[in-house]
Amino acid sequence: MRFSRMLAGLSLLASSTLLAQSPIEIEEAYVRAVPPTQANTAAFMRLINTSDQDISLVAAQAEVSAVTELHTHLEVEGVMQMRQIDQIIIPAQGQAELRPGGLHVMLIGLNKALTEGEMTSLQLRFSDDSNIEIALPVKSVMSGMMPHGHHKH
Amino acid sequence: MTPIRILLITCILALVATLVFIRQQTEPNSSAPLSTQGGDFTLNSAEGPVSLRDFRGQAVVLYIGYTYCPDVCPLSLAILGQALKQLPEEDAARVQGLFISVDPERDSLEHLRDYARFFHPSLIGLTADKATLDQVVQQYGAFYRRVEMRDSAMEYAVDHSSRLYLINPKGELVGSLSHSSSPDLLLRRIQELLND
Ligand SMILES: [Cu+2]
């Protein structure tokens, strides 16, 4: 308990978290703040694969929700369609973007309100059997959409 | 009046009646593609029934979605909330934001009230029975459908179109914006509605 809290504190300092020698790096992760009566929310982030093999995110577990699923959002002729998916592939030496309107980690059955500015934790499991636990901030929709230091190359 | 004059008037009246009749026959067809004409509706809020006509004299921005929607609904409402916050106070009093949920099964009136207020204190959350919602959705050229999610704890999703509908102070639908619009663009469009 104490150790994981320390880890959470450490990852607060670094924008990316790398644990247990996973070749996956995570940037700009956040959970969307929701009204107190809201039963679910979504987490967004950039997953970077530093290895030479494709790796998939295959499962997630949030500390604040009963169930955590991998979802995507498709826009078909102006109609938004949310669907559950088995995995999110992160190509070798590439990245996967989880962002509003597309891929997301869905937190279902929140056991507490998520207020902007708080930190919460999320465990991610990958197809290479590596696990990463990240601490991520709770952000409002608008501030989540405009992360500081978001550079396009 | 001479019989000839009576005949003439009768002919003219018959001609006018025929033209009016032809016009009425063709009019529904010529306006048929305009399925997105908007118009009045009455839905439920936690504070009682709300109709579009209650806001005559105000600009109205309307969004149709559901609260389980993870991103485009909160995004659209956040854009709306942001635009409302940027309006000068005297203008803000002349604008009403409405959020209509097409998921009445999960979105209670109390939840919708709290959810809407989270994005801006003046936003009103609305829903109704399926038949009423279907009518409003059709009026505004929107779309929704329930889709079962077999392996998901969500049980079902609600596929839906995602537009911010712009309604002028006369209650007329004049356009719409997507959820990828900036709050600044929405702000400008709201000001156009008010200055019209
Ligand atoms: Cu989702």
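The values are calculated or read from the model by the stated rules, or taken from the named source; none is laboratory data. These numbers were taken from a predicted model, which means no experiment stands behind them. Note that each Cβ is placed from the backbone with ideal geometry, even for glycine, and that neighbours are counted across all protein chains shown. Side chains are part of the model used for accessible areas, which takes the heavy atoms of the whole protein and leaves out ligands, DNA and RNA. Shrake-Rupley method; radii C 1.70, N 1.55, O 1.52, S 1.80 Å.
Evaluate region B:114-127: report whether one residue or more is within 17 Å of the chain's Cα centre (by Cα) and within 10 Å of another protein chain (Cβ to nearest Cβ).
yes
All but one of (1) over 18 Å from A:Pro137 (Cβ atoms); (2) open to solvent by 50 Å² or more (accessible area, probe 1.4 Å) hold for A:His71; which doesn't?
Only one criterion in (1) over 18 Å from A:Pro137 (Cβ atoms); (2) open to solvent by 50 Å² or more (accessible area, probe 1.4 Å) is unmet by A:His71, namely (2).
Tally the residues that are among the hydrophobic types (A, V, I, L, M, F, W, C), away from the ligand (no atom under 16 Å from the Cβ) and within 14 Å of chain A (Cβ to nearest Cβ), restricting the search to region B:48-107. I'd like the intermediate steps shown before the answer.
In the first step, residues of region B:48-107 are kept if they are among the hydrophobic types (A, V, I, L, M, F, W, C); the result is B:50, B:52, B:55, B:59-62, B:64, B:69, B:72-73, B:75, B:77-80, B:83-84, B:87, B:92-93, B:95, B:98-100, B:102.
Restricting the remaining residues to those that are away from the ligand (no atom under 16 Å from the Cβ) gives B:50, B:52, B:55, B:59-62, B:64, B:77-80, B:83-84, B:87, B:92-93, B:95, B:98-100, B:102.
Next cut, within 14 Å of chain A (Cβ to nearest Cβ) only: B:64, B:77-80, B:83-84, B:99, B:102.
The qualifying residues number 9.
Scan region B:116-139 and tell me whether some residue there is surrounded by fewer than 23 Cβ atoms within 10 Å (Cβ to Cβ), among the basic types (Lys, Arg) and touching a residue at least 40 places away in the same chain (Cβ under 8 Å).
No, region B:116-139 contains no residue that is surrounded by fewer than 23 Cβ atoms within 10 Å (Cβ to Cβ), among the basic types (Lys, Arg) and touching a residue at least 40 places away in the same chain (Cβ under 8 Å).
Considering only residues of region B:140-150 that are at the interface with chain A (Cβ under 9 Å from one of its Cβ atoms) and more than 22 Å from the chain's Cα centre (by Cα), which is surrounded by the most Cβ atoms within 10 Å (Cβ to Cβ)?
Result: B:Met149.
Hey, among B:Ala157, B:Ala153, which residue is closer than 26 Å to A:Ser65 by Cα, within 12 Å of chain A (Cβ to nearest Cβ), touching a Phe, Trp or Tyr at 6+ places or on another chain (Cβ under 9 Å) and among the small types (Gly, Ala, Ser)?
Working: B:Ala153 fails: touching a Phe, Trp or Tyr at 6+ places or on another chain (Cβ under 9 Å).
Exactly one of B:Ala157, B:Ala153 is closer than 26 Å to A:Ser65 by Cα, within 12 Å of chain A (Cβ to nearest Cβ), touching a Phe, Trp or Tyr at 6+ places or on another chain (Cβ under 9 Å) and among the small types (Gly, Ala, Ser), namely B:Ala157.
Identify the residue in region A:19-36 that is farther than 21 Å from A:Ser143 by Cα and open to solvent by 10 Å² or more (accessible area, probe 1.4 Å) and, among all such residues, is nearest to the other protein chains (Cβ to nearest Cβ). Give the steps one after another, and end with the answer.
Step one: list which residues in region A:19-36 are farther than 21 Å from A:Ser143 by Cα, which gives A:19-25.
The next check asks that each one be open to solvent by 10 Å² or more (accessible area, probe 1.4 Å); those that pass are A:19-21, A:23, A:25.
Details: A:Leu19: 26, A:Ala20: 28, A:Gln21: 32, A:Pro23: 28, A:Glu25: 23 Å.
Of everything passing the filter in region A:19-36, A:Glu25 is nearest to the other protein chains (Cβ to nearest Cβ).
Within region B:100-113, which residues are in a loop (DSSP other than H, G, I, E, B) and under 16 Å from the mean Cα position of the chain (by Cα)? Explain how you work it out, then say what you get.
Taking region B:100-113 as the starting set, the residues that turn out to be in a loop (DSSP other than H, G, I, E, B) are B:102-108.
Matches in region B:100-113: B:Val102 only.
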